[in-house]
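The values are calculated or read from the model by the stated rules, or taken from the named source; none is laboratory data. Keep in mind that what you see is a predicted model, and the values were worked out from it rather than measured. Here the Cβ positions follow ideal geometry from the backbone for every residue, glycine too, while neighbour counts run over all protein chains shown.
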Amino acid sequence: MIGPVIAASLGPGPVLRRGGNWAGWSGLPPDRLAGRLTECLRALPAPCSAGVGAQAADLSGMEESLLGAEAAALVSPAGVVARADRLGPARLLAALPAGVLRAQARVILGPLLAVDREGTLLETLAAVLDEGGASRAADRLGVHRNTVTTRLDRIRAAGFDVDDPATRLALHLACHVLR
């Protein structure tokens, strides 16, 4: 049942089983393909995720495109279509076992998770790291900048030096893993 639904979304081109997943090829531009696959995911009876690889000019680029699409699907939550060219560090993380990554992310973020019952500090940390600063994070979260800086103070109080580049990288990766 899944194969025909995917095939209808992709248009002409093969759709086949690849391990426990489905893979297909399409000549659609990545944005249009992602839109069609988003509609496809809504039509499926069970929650699924999908990934779109880079557009390949010829057969020699197909393997890289497929690997990118698989990586995108692995790190994408159910119901979401992720594009490989927009994954950032998540593309590297997709190469590692998900269970191991989640366990390590929980260890790294453990002190924060222990004091963040509602998840607002984790959401704020992820927004600050994704957006590059408190002002843009505030815009993304729909809160005042002072709210973000107050939350950052609480994150620092939990033992995180968000100004240290190595710590920021570890926190950023851990936030990506737990999304």
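One residue alone among Thr120, Thr124 is surrounded by fewer than 16 Cβ atoms within 10 Å (Cβ to Cβ), farther than 30 Å from Leu10 by Cβ, β-branched (Val, Ile, Thr) and in contact (Cβ under 8 Å) with a residue 12 or more places away in the chain, and that residue is Thr120. In segment 130-159, the residue that is surrounded by the most Cβ atoms within 10 Å (Cβ to Cβ) out of those that are free of Cβ contacts under 8 Å to residues at least 12 places away in the same chain and of a type in the set (A, V, I, L, M, F, W, C) is Ala138.
For segment 5-27, the set of residues classified as hydrophobic (A, V, I, L, M, F, W, C) and touching a strand residue (DSSP E or B) at 6+ places or on another chain (Cβ under 9 Å) consists of Ile6, Ala7, Leu10, Val15, Leu16, Trp22, Ala23, Trp25, listed by residue number. For segment 53-86, the set of residues classified as at pLDDT 85 or above and among the β-branched types (Val, Ile, Thr) consists of Val80, Val81, listed by residue number. Residues in segment 124-159 that are in a helix (DSSP H, G or I) and β-branched (Val, Ile, Thr): Thr124, Val128, Thr147, Val148, Thr149, Thr150, Ile155. Across segment 51-66, not a single residue is classified as closer than 15 Å to Arg86 by Cα and exposed (fewer than 13 other Cβ atoms within 10 Å of the Cβ). The combined condition, being among the β-branched types (Val, Ile, Thr), surrounded by 12 or more Cβ atoms within 10 Å (Cβ to Cβ) and part of a helix (DSSP H, G or I), is not fulfilled by Val162.
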